[in-house]
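Structure, as structure tokens:
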Amino acid sequence: MIKDPFLYFLIGGAGALCFEVLKVYEYRHKLTSQKWKKMMRSKLYWGVFVGMVLASGFFAWAFNAKHQEVDAWQVVLSGIASRSLIRELLAAKAASADKVMGDEVDAKDIFT
């Protein structure tokens, strides 16, 4: 059982981090080599990456901190679920945006 509330944040964020790393692997095979290299150097992408992990840690803490007996896996799954919900909401928003074809990395590349 987890006693320190800060561990909820860390463990939930770690769960989201694992999924974000899998997403990087997916992009490696989904995008062209040139586009993938640009994305890996993009401040927008890394800002979203870090923001997603931090937000997921926060939500894992918010969902679980009030409970006395919380299993670590419950916190991990809360972080993963939070990350997935946030990403899907942003993906729906990005999918409806107009896409200008080009080599620049934009929100549509990151979330779709």
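The values are calculated or read from the model by the stated rules, or taken from the named source; none is laboratory data. As the structure is a prediction and not an experimental result, all values here were calculated from the model. Ideal geometry is used to build each Cβ from the backbone, glycine not excepted, and the neighbour counts take in all protein chains shown.
Structure summary
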item	result
For residue 27: the one exception among (1) farther than 16 Å from residue 109 by Cα; (2) of a type outside the set (Gly, Ala, Ser); (3) surrounded by fewer than 18 Cβ atoms within 10 Å (Cβ to Cβ)	(1)
Residues located in region 55-86, provided they are free of Cβ contacts under 8 Å to residues at least 60 places away in the same chain, closer than 26 Å to residue 109 by Cα and surrounded by 14 or more Cβ atoms within 10 Å (Cβ to Cβ)	55, 56, 57, 58, 59, 81, 86
In region 87-97, residue farthest from the chain's Cα centre (by Cα) [restricted to those that are surrounded by fewer than 13 Cβ atoms within 10 Å (Cβ to Cβ) and of a type outside the set (S, T, N, Q)]	97
Any chance residue 91 is farther than 13 Å from residue 20 by Cα, at pLDDT below 90 and assigned to a helix (DSSP H, G or I)	yes
Test set (1) under 18 Å from the mean Cα position of the chain (by Cα); (2) surrounded by 14 or more Cβ atoms within 10 Å (Cβ to Cβ) - residue 21 fails condition number	(2)
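A quick yes/no check of all residues on (1) outside any helix (DSSP H, G or I); (2) under 17 Å from residue 86 (Cβ atoms); (3) among the hydroxyl-bearing types (Ser, Thr, Tyr):
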position	(1), (2), (3)
18	no, yes, no
25	no, no, yes
29	no, no, no
37	no, no, no
44	no, yes, no
48	no, yes, no
61	no, yes, no
66	yes, no, no
